[in-house]
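Chemist: Starting off with a structure, shown below.
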Amino acid sequence: MNTKSNTSAASDAFDNLKETVGVVTVDDPKMSARNVDVFYGEKQAIYDVSLDIANNEVIAMIGPSGCGKSTFLRCLNRMNDSIPTCRVTGEMSLDGEDLYGAGLDPVLLRARVGMVFQKPNPFAKSIYDNVAYGPRIHGLASNRAELDDIVISSLQKAGLHEEVQDRLDAPGTSLSGGQQQRLCIARTIAVSPEVILMDEPCSALDPIATARIEELIDELRENYAIAIVTHSMQQAARVSQRTAYFHLGKLVEVGSTNNIFTNPRHELTENYITGRFG
Amino acid sequence: MTTTNLVLLLLGLGLATFFYGRQKAYVVSKSHGGMRNMHSLPSQHGVMVAIWCALPALLLVLFWKLAEPAVISSMLNSVIPASVMDGGDKAIGLYKNDIANIIESGKASSNPEKQVVADRWVALSSISSWVLLAIVLAIAAIGAATALRKISPDTRARVMVERVVHWFLIICSSIAILTTVGILCSVLFESFRFFQQVSFVEFVTGTKWSPQTAIRVDQVGSSGSFGAIPLFTGTLLISAIAMVVAVPIGLLAAIYLAEYASDRMRAFAKPLLEILAGIPTVVYGFFAALTVAPAIREWGELIGLSPSSESALAAGVVMGIMIIPFVSSLSDDVITAVPQAMRDGSYALGATHSETIKKVVLPAALPGVVSGILLAASRAIGETMIVVMAAGLAANLTANPLEAVTTVTVQIVTLLTGDQEFDSAKTLAAFALGLMLFFTTLVLNIIALHVVRRYREQYD
Ligand SMILES: Nc1ncnc2c1ncn2[C@@H]1O[C@H](COP(=O)(O)OP(=O)(O)OP(=O)(O)O)[C@@H](O)[C@H]1O
Ligand SMILES: [Mg+2]
């Protein structure tokens, strides 16, 4: 096998890429995407991607910057709707229900498929109100005590409760970056979504906060399906069961995390994870 | 040589020495192994030379011109006839006025005695300006020479220039502050004179406003009353009506523009809305008086009320329309400035567009919205023309928006227009009203600033 491929060989490999290497489907998928193309205006950002997300699994999406990981992730809960130029074709479903079908309300979809963003984005509200926001708008608590319970247990799950329990009235923005990110995670799990999408959730965090969040992701897996975009190969290896490698808008390879990192089948994947380009 | 020419000459000299100094600094830097070894840049040396050349000279011109009139006038005393000098300050002042008129007219006076004084005056002025020119040029030359000699790698020209700029900025800002203090002092002083004639307690607690003062002591109805309460309630009533109109409409328009309108719609509607603020208030005034007030009267009569033909409601509503852009434009800007990431966070939790606006965007934009509302409120309180035309001049103490009322600013205008004796209570009352208005808006601003700051501290 030619491991010392130069760039032109790699681009040949990319041009010849017709089909994703590895098995994109799973039994009983929570979410699935088939032949998805995404355009920003004239420019195509995603080419014919098919991928399933299973229950109780963490799937990591890796790939060089600008390859469309965020774009794909945002399609999964229709966050791309707020970008006027963005157009999505192909099929996507949650529990077999078409995401882009006429009958589906994106507002309800997003309550079921939550998202944590790359940059922490707490609301201009107190810590308590940040977490209580989702439960309040969805009427998840019938009284203050129930709401308190939801807020506190979400903060505990996100590993933030100890640090903030005596200042729940302080503004969310007064927290440190890492604490803000955990606040955003707490906010997301407070509405008990079925799927959580995380777009580089640890990119602004120090190693300790990162370790905490990775632990949290592992715990959350018991109840949720999780898709995480990350630039850290180690992180992908630590938290995920399956890994998907994206390259210039195409899904190059999917497989169990173990296999991808120890025995990548596609040249591009190998180049990327061995750090030859990216 | 006139003062203007002198100042222009000095500025020109400054410019010339700047270029020369910069050039010299280049040369010096060459002989010292390049720019790297110079503490300051050539242009900074240039500015330093220009400052040394022009600044002391300009300051001298300023002081000279301030002192000149007094000095010349005292020197004239020796040629003024003794008969005038014995007449006291007032007579001397009149005499000097005469002389000034003779000089200004340019014609020889028929009175030879006065002509002598006038000639003397002209001669002194001309000597003064030549002496000034000589001294100023000498100072400029010495300054420039000193500074040019100082150009060397170690000279801290940048530090010196920055210090001068620093002081210049301080002086500019103190001019603004001093002007405010000066206005405040003069208003305070005149108000104090007013309160010597009318008691302060009557002014702030009196409910009757009819600012008459007697011309003759035995005149009928000579006693005026200066109770300012009807004016302040009038101001409050009209401003409140205006805010009730402007805040909801302005805020909702801003939300529409920022959140729902397409880009094309926004580009078209926002400038159109802002035109409202550019319409002259007098146009609003006759719109209020000729269109809105009669309409209100008709409608009022239809439902069995009897509104007066001039009403607080008409003025307030039209004023409200006028200040809509103050609320909407600023609010639109701050709402648009709320980061998309924050909205995305809300959408990602399954919030609808309107929930996101209500519970995430507006709270985040609140400080800006509040300052827009404040700006509108201060416009409403200060507005005069619409009220004069639509709400009348009658100082009624009423909370009924269908009656005629008047406001503080309108009364200030009516008190000061026409021929007035400057120390009558009637005229001085305007200053007292101004003072009260000043304090009212000051207190409003302080409260609002406090609110905004607390909010900012929490959420930035
Ligand atoms: N709002 C947008 N409008 C137009 N083009 C966009 C937009 N967002 C993303 N793109 C383009 O789509 C492509 C994929 O972008 P995307 O953000 O999905 O990359 P990414 O894989 O998440 O990269 P990174 O790792 O740097 O976050 C890029 O070429 C980008 O320029
Ligand atoms: Mg991204």
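Chemist: Residue under question is A:THR188, and the condition is that it be crowded, with 21+ Cβ neighbours inside 10 Å, more than 13 Å from chain B (Cβ to nearest Cβ) and of a type in the set (Ser, Thr, Tyr); does it hold?
Modeler: Taking the combined requirement at face value, the residue does not satisfy it.
Chemist: Are any residues in the stretch A:75-98 within 14 Å of chain B (Cβ to nearest Cβ) and either away from ligand 1 (no atom under 16 Å from the Cβ) or not basic (Lys, Arg) (or both), and if so, which ones?
Modeler: A:CYS75, A:LEU76, A:ASN77, A:MET79, A:ASN80, A:ASP81, A:SER82, A:ILE83, A:PRO84, A:THR85, A:CYS86, A:LEU94
Chemist: Residue check: is A:PHE72 away from chain B (no Cβ under 13 Å) and within 16 Å of ligand 2 (Cβ to nearest atom)?
Modeler: When the stated conditions are applied, A:PHE72 passes them.
Chemist: All but one of (1) among the small types (Gly, Ala, Ser); (2) within 28 Å of A:PRO106 (Cβ to Cβ); (3) within 14 Å of chain B (Cβ to nearest Cβ); (4) away from ligand 2 (no atom under 16 Å from the Cβ) hold for A:ALA170; which doesn't?
Modeler: (2)
Chemist: Additional query: Out of the stretch B:351-361, which residues are surrounded by fewer than 19 Cβ atoms within 10 Å (Cβ to Cβ) and either of a type in the set (A, V, I, L, M) or more than 8 Å from chain A (Cβ to nearest Cβ) (or both)?
Modeler: B:HIS353, B:SER354, B:LYS358
Chemist: Would you point out which residue out of A:ASN55, A:ASN77 is touching a residue at least 12 places away in the same chain (Cβ under 8 Å), buried (at least 23 other Cβ atoms within 10 Å of the Cβ) and polar (S, T, N, Q)?
Modeler: The conditions single out A:ASN77.
Chemist: When you look at A:PRO122, is it within 14 Å of another protein chain (Cβ to nearest Cβ), away from ligand 2 (no atom under 16 Å from the Cβ) and either buried (at least 20 other Cβ atoms within 10 Å of the Cβ) or not in a loop (DSSP other than H, G, I, E, B) (or both), yes or no?
Modeler: Yes, satisfied.
Chemist: While we're on this one: Where in the stretch B:286-350 are the helices (runs of 4 or more DSSP H), entirely inside, with at least 2 residues that are crowded, with 20+ Cβ neighbours inside 10 Å and within 14 Å of another protein chain (Cβ to nearest Cβ)?
Modeler: B:312-337, B:340-347
Chemist: Give B:SER129, B:SER74, B:SER78, B:SER110 a once-over and let me know the one that is loosely packed, with under 11 Cβ neighbours inside 10 Å, out of contact with any helix residue (DSSP H, G or I) (no Cβ under 7 Å at 6 or more places or on another chain) and assigned to a helix (DSSP H, G or I).
Modeler: Result: B:SER74 is the single residue among B:SER129, B:SER74, B:SER78, B:SER110 that is loosely packed, with under 11 Cβ neighbours inside 10 Å, out of contact with any helix residue (DSSP H, G or I) (no Cβ under 7 Å at 6 or more places or on another chain) and assigned to a helix (DSSP H, G or I).
Chemist: Answer yes or no: is there a residue in the stretch B:13-36 that is surrounded by 14 or more Cβ atoms within 10 Å (Cβ to Cβ), in the same structural domain as B:ILE139 (by TED's automatic domain parsing), within 37 Å of the chain's Cα centre (by Cα) and closer than 30 Å to B:LEU124 by Cβ.
Modeler: Within the stretch B:13-36 (the criterion being surrounded by 14 or more Cβ atoms within 10 Å (Cβ to Cβ), in the same structural domain as B:ILE139 (by TED's automatic domain parsing), within 37 Å of the chain's Cα centre (by Cα) and closer than 30 Å to B:LEU124 by Cβ), the answer is yes, since at least one residue qualifies.
Chemist: Which members of the stretch A:120-145 meet the condition of being touching a Phe, Trp or Tyr at 6+ places or on another chain (Cβ under 8 Å) and within 16 Å of ligand 1 (Cβ to nearest atom)?
Modeler: none
Chemist: Among the listed residues B:ALA404, B:ALA380, B:ALA395, identify the single one that is modelled with pLDDT of 85 or more and either in the same structural domain as B:LEU442 (by TED's automatic domain parsing) or aliphatic (A, V, I, L, M) (or both).
Modeler: Sole residue among the options that is modelled with pLDDT of 85 or more and either in the same structural domain as B:LEU442 (by TED's automatic domain parsing) or aliphatic (A, V, I, L, M) (or both): B:ALA380.
Chemist: Follow-up. Go through the stretch A:102-119 residue by residue and tally those that are more than 7 Å from chain B (Cβ to nearest Cβ), within 15 Å of A:CYS75 (Cα to Cα) and within 16 Å of ligand 1 (Cβ to nearest atom).
Modeler: 1
Chemist: Moving on. How many residues are closer than 16 Å to A:GLY114 by Cα and either within 13 Å of ligand 2 (Cβ to nearest atom) or not acidic (Asp, Glu) (or both) when one looks only at the stretch A:40-59?
Modeler: Result for the stretch A:40-59: 6.
Chemist: Just the residues that are part of a loop (DSSP other than H, G, I, E, B), more than 19 Å from the chain's Cα centre (by Cα) and touching a residue at least 60 places away in the same chain (Cβ under 8 Å), please, taken from the stretch B:360-393.
Modeler: Correct list: B:ALA391, B:GLY392.
Chemist: Is there a residue being at pLDDT below 90 and more than 8 Å from ligand 1 (Cβ to nearest atom) anywhere in the stretch A:36-54?
Modeler: No, the stretch A:36-54 contains no residue that is at pLDDT below 90 and more than 8 Å from ligand 1 (Cβ to nearest atom).
Chemist: Still on this structure, I have one more. For residues that are within 14 Å of chain B (Cβ to nearest Cβ) and over 20 Å from the mean Cα position of the chain (by Cα), tally how many sit in the stretch A:125-160.
Modeler: 16
Chemist: Scan the stretch A:128-140 and give yes if some residue there is in a strand (DSSP E or B) and either at pLDDT below 95 or surrounded by fewer than 18 Cβ atoms within 10 Å (Cβ to Cβ) (or both), otherwise no.
Modeler: no
Chemist: While we're looking at this one, here's another question. Return the residues of the stretch A:82-98 that are part of a loop (DSSP other than H, G, I, E, B), free of Cβ contacts under 8 Å to residues at least 60 places away in the same chain and more than 16 Å from ligand 2 (Cβ to nearest atom); say none if nothing qualifies.
Modeler: A:PRO84, A:THR85, A:GLY96
Chemist: Out of all the residues in the stretch B:369-407, which are buried (at least 20 other Cβ atoms within 10 Å of the Cβ) and either within 14 Å of chain A (Cβ to nearest Cβ) or among the polar types (S, T, N, Q) (or both)?
Modeler: Across the stretch B:369-407, the qualifying residues are B:VAL369, B:THR406, B:THR407.
Chemist: If you don't mind, another one. Could you check the stretch A:146-235 for helices (runs of 4 or more DSSP H) lying wholly inside it with 2 or more residues that are away from ligand 1 (no atom under 16 Å from the Cβ) and within 24 Å of A:PRO29 (Cα to Cα)?
Modeler: Counting at least 2 such residues, we get A:177-190, A:207-220.
Chemist: Does the stretch B:215-225 contain at least one residue that is buried (at least 17 other Cβ atoms within 10 Å of the Cβ) and either at pLDDT below 90 or not acidic (Asp, Glu) (or both)?
Modeler: Yes, that holds for at least one residue.
Chemist: Does the stretch A:229-247 contain at least one residue that is within 16 Å of ligand 2 (Cβ to nearest atom), β-branched (Val, Ile, Thr) and touching a residue at least 40 places away in the same chain (Cβ under 8 Å)?
Modeler: Yes, the stretch A:229-247 has at least one match.
The values are calculated or read from the model by the stated rules, or taken from the named source; none is laboratory data. Just so it is clear, the model here is predicted, and its values are computed rather than measured. Virtual Cβ from ideal backbone geometry, glycine too; neighbours counted across all protein chains shown.
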